Amino acid sequence: MTFRRAALETAYIGVLAVWLGLLIMTGVAAATLFPMLKSLAPTLPEFALYTGDHWRIAGGQIANRLFTISDIAGVILIAAAAALLAISTYLRHLTYSALAARWASLMLPAIAMAINLFVLHPRMGRTLTAFYAAAAAGQGPRADVLQTALDSDHPLSTALMVLLTASVLIALVVAAWSLPRTASSTRRIAVGGGVGGAEVVATVPADDASLARRG
């Protein structure tokens, strides 16, 4: 394996590993945040007119910020992974089957992220903003309706988070699986004439083929 390919492979797997770790930590943080705030039972001065649970408001604001940061980082990381994979495709470092598997595995998190960014996240964001406004104004019935709408979206949000995390893990596994699948690990080259003018063919590592030709 050449240094250039080793650097590309390390960067590609590193990007996926960082993304996977980010998703897992975001999920763990969100899962532990709400029970912790519920036990603390905070009271928020900004929402003094709201008679409902203030820990839901505090948890929602923190979790929304966490998921926003995770989404922004995810866009950057998937763009970096796609760019690195495009370079590997251009340089033909891997077999066609390995490249196809990597591109297919990268499409899975891209689809999950697109659904979250362009469908679910905007809808939940609008509902959350309206909920905060109603709670701050002391409009309990309207806030309850909006809270119910948020609760109905949570299963889909959780499913998308799990799907995104699983798909990034799959992409990481596919990347590890395709590591030894070099486009041409060996090449047959002509090295000169043999007895009676017959051509002599030798099999050498792909990285050494250009040197063998010069020799």
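The values are calculated or read from the model by the stated rules, or taken from the named source; none is laboratory data. Source: prediction; values computed, not measured. A quick note on method: Cβ atoms are made from the backbone with ideal geometry, for glycine too, and the neighbour counts reach across all protein chains shown. Heavy atoms of the whole protein, side chains included, go into the accessibility calculation; ligands, DNA and RNA do not. Shrake-Rupley method; radii C 1.70, N 1.55, O 1.52, S 1.80 Å.
Condition test on T26, is it of a type in the set (S, T, N, Q), open to solvent by less than 60 Å² (accessible area, probe 1.4 Å), without any contact (Cβ under 8 Å) to a residue 24 or more places away in the chain and assigned to a helix (DSSP H, G or I)? Walk me through it before giving the result.
Values: of a type in the set (S, T, N, Q): yes; open to solvent by less than 60 Å² (accessible area, probe 1.4 Å): yes; without any contact (Cβ under 8 Å) to a residue 24 or more places away in the chain: no; assigned to a helix (DSSP H, G or I): yes.
In short, no.
In the range 51-72, is there at least one residue being of a type in the set (F, W, Y), out of contact with any Phe, Trp or Tyr (no Cβ under 9 Å at 6 or more places or on another chain) and open to solvent by less than 50 Å² (accessible area, probe 1.4 Å)?
Restricting attention to the range 51-72, the residues satisfying the condition of being of a type in the set (F, W, Y) are 55, 67.
Subsequent filtering for residues that are out of contact with any Phe, Trp or Tyr (no Cβ under 9 Å at 6 or more places or on another chain) retains 67.
Restricting the remaining residues to those that are open to solvent by less than 50 Å² (accessible area, probe 1.4 Å) gives none.
Looking through the range 51-72, none of the residues is of a type in the set (F, W, Y), out of contact with any Phe, Trp or Tyr (no Cβ under 9 Å at 6 or more places or on another chain) and open to solvent by less than 50 Å² (accessible area, probe 1.4 Å).
Against the definition (at negative phi and open to solvent by 50 Å² or more (accessible area, probe 1.4 Å)), how does A79 come out, yes or no?
Taking the combined requirement at face value, the residue satisfies it.
Restricting the search to the range 91-105, which residues are open to solvent by 10 Å² or more (accessible area, probe 1.4 Å), assigned to a helix (DSSP H, G or I) and either touching a helix residue (DSSP H, G or I) at 6+ places or on another chain (Cβ under 9 Å) or closer than 18 Å to V168 by Cβ (or both)?
Here is the first cut: in the range 91-105, the residues open to solvent by 10 Å² or more (accessible area, probe 1.4 Å) are 91-93, 95-97, 99-101, 103-104.
Among the residues that remain, those that are also assigned to a helix (DSSP H, G or I) are: 91, 96-97, 99-101, 103-104.
Listed by number, the residues that qualify are L91, L99, A101, W103, A104.
Please indicate, with yes or no, whether at least one residue in the range 84-100 is under 22 Å from the mean Cα position of the chain (by Cα) and charged (D, E, K, R).
Scanning the range 84-100, I find no residue that is under 22 Å from the mean Cα position of the chain (by Cα) and charged (D, E, K, R), so the answer is no.
Name the pairs whose Cβ atoms lie under 6 Å apart, with the first residue in the range 1-21 and farther than 20 Å from M107 by Cβ, the second open to solvent by 30 Å² or more (accessible area, probe 1.4 Å), and 6 or more positions between them or separate chains?
T2/D207
Go through the range 29-50 residue by residue and tally those that are in contact (Cβ under 8 Å) with a residue 24 or more places away in the chain, assigned to a helix (DSSP H, G or I) and open to solvent by 40 Å² or more (accessible area, probe 1.4 Å).
2
Please determine whether any residue of the range 109-116 is more than 30 Å from P180 (Cβ to Cβ), assigned to a helix (DSSP H, G or I), of a type in the set (G, A, S) and without any contact (Cβ under 8 Å) to a residue 12 or more places away in the chain.
There is at least one residue in the range 109-116 that is more than 30 Å from P180 (Cβ to Cβ), assigned to a helix (DSSP H, G or I), of a type in the set (G, A, S) and without any contact (Cβ under 8 Å) to a residue 12 or more places away in the chain.
May I ask you to verify whether Y12 is more than 19 Å from the chain's Cα centre (by Cα), more than 21 Å from H154 (Cβ to Cβ), part of a helix (DSSP H, G or I) and not polar (S, T, N, Q)? Spell out the reasoning first.
Working: more than 19 Å from the chain's Cα centre (by Cα): no; more than 21 Å from H154 (Cβ to Cβ): yes; part of a helix (DSSP H, G or I): yes; not polar (S, T, N, Q): yes.
In short, no.
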